[in-house]
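Single-structure report; data block below.
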């Protein structure tokens, strides 16, 4: 194989591993339990639970059959995805509760909005909740892109993006839970 072709094969394999790490898998029961236990223990400071799955995962020793060990870039992405799946499930549950609850069923009037979210006609609270979630997803992607910019072109940029995405997903899950419980 020619050297340049070999580089493309390696790049494609790395990209495929990265894409696989970003695929949203359902949360593992043990990851969910670790975060739930931490949230009960840290009820006054739930942000301390961010990284409770990621850090031990990346510190774990490589298994003999690991194509991408936990400390490698794809391994770190996979560890971040594992934790992010738990926080995302919490987001989904909070959004469902908010949409189906009084906030989601309330009519939202156009005259009662700040300029950034001005409406032309009344909508349901659920519509506003969905709009907020879409805007937040865009914000998270752009914020994490910016955080990784100083490492652009290197593989650590992917790790920075993955850990940022996990952290911001966790923060959003905690905020939504507080809104839901308010």
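Every number in this text was worked out from the coordinates using simple rules, so none of it is lab data. Fair warning: this is a prediction, and the values are worked out from it, not measured in the lab. With ideal geometry, Cβ positions are generated from the backbone for all residues, glycine too; neighbour counts draw on all protein chains shown.
Pairs of alpha-carbon atoms within less than 8 angstrom and 6+ residues apart define the contacts here; what relative contact order does the range 26-181 have, in percent?
26
For the chain, find the longest principal axis of its Cα atoms and tell me its angle to the long axis of helix 3-22, 0 to 90°, nearest 10.
Roughly 30 degrees between the two axes.
Among 120, 155, which comes first, second and so on when ranked by fewest other beta-carbon atoms within 10 Å? Intermediate values should be presented prior to the final figure.
Numbers: 120 6, 155 15.
Sorted ascending by nearby Cβ count, the order is 120, 155.
Which whole-angstrom value gives the distance between the alpha carbon centres of the range 157-182 and the range 70-113?
Cα centroid of the range 157-182 versus Cα centroid of the range 70-113: 8 Å apart.
I need the calculated FRET efficiency for the pair residue 33 and residue 105, taking r as the beta carbon distance and R₀ as 35 Å, to the nearest 0.05.
Values: r = 33 Å, r/R0 = 0.94.
Given R0 = 35 Å and the Cβ-Cβ separation, E is 0.60.
Using alpha carbons only, how many degrees (0 to 90, rounded to 10) separate the axis of helix 156-181 from the longest principal axis of the chain?
In the chain, helix 156-181 runs at an angle near 30 degrees to the longest axis.
Just rank 172, 121, fewest to most, by other beta-carbon atoms within 10 angstrom.
121, 172
Going by how many other beta carbons lie within 10 Å of each one, how would you line up 82, 158, fewest first?
Taking fewest neighbouring Cβ atoms as first place, the list is 82, 158.
Express in nm, to one decimal, how much length is gained between residue 182 and residue 146 on full extension, taking 0.36 nm for each residue of separation and deducting their alpha carbon distance. If you can, show how the numbers build up before the last one.
Details: separation 36, 0.36 × 36 = 12.96 nm, distance 3.22 nm.
Here the answer is 9.7 nm.
What's the extension gain from residue 112 to residue 139 if we count 0.36 nm per residue and subtract their Cα-Cα distance? Show your work: numbers first, answer last.
Working: separation 27, 0.36 × 27 = 9.72 nm, distance 2.36 nm.
Result: 7.4 nm gained on full extension.
Work out how much length residue 127 to residue 41 would gain on full extension: take 0.36 nm times their residue separation and subtract the Cα-Cα distance, in nm to one decimal.
27.5 nm
Can you compute the helix-only [θ] at 222 nm over the chain? Use -39500 (n - 2.57) per DSSP H run of at least 4 residues, normalise by all residues, nearest 500 deg cm²/dmol.
Rounded to the nearest 500, it is -22500 deg cm²/dmol.
Just checking my list [x] 1.23; [y] 0.96; [z] 1.01 against Cα Rg over 2.2 N^0.38 Å computed from this structure; which label fits?
Read-out taken from this structure: [x].
Indicate the gyration tensor shape class of the range 79-145 (rounded, prolate or oblate), computed on the Cα atoms with a ≥ b ≥ c the square roots of the eigenvalues: a/c under 1.5 is rounded; otherwise a/b larger than b/c is prolate and the rest oblate.
Details: a/c = 4.69, a/b = 1.60, b/c = 2.94.
Oblate is the answer for the range 79-145, as a/c is 1.5 or above yet b/c matches or exceeds a/b.
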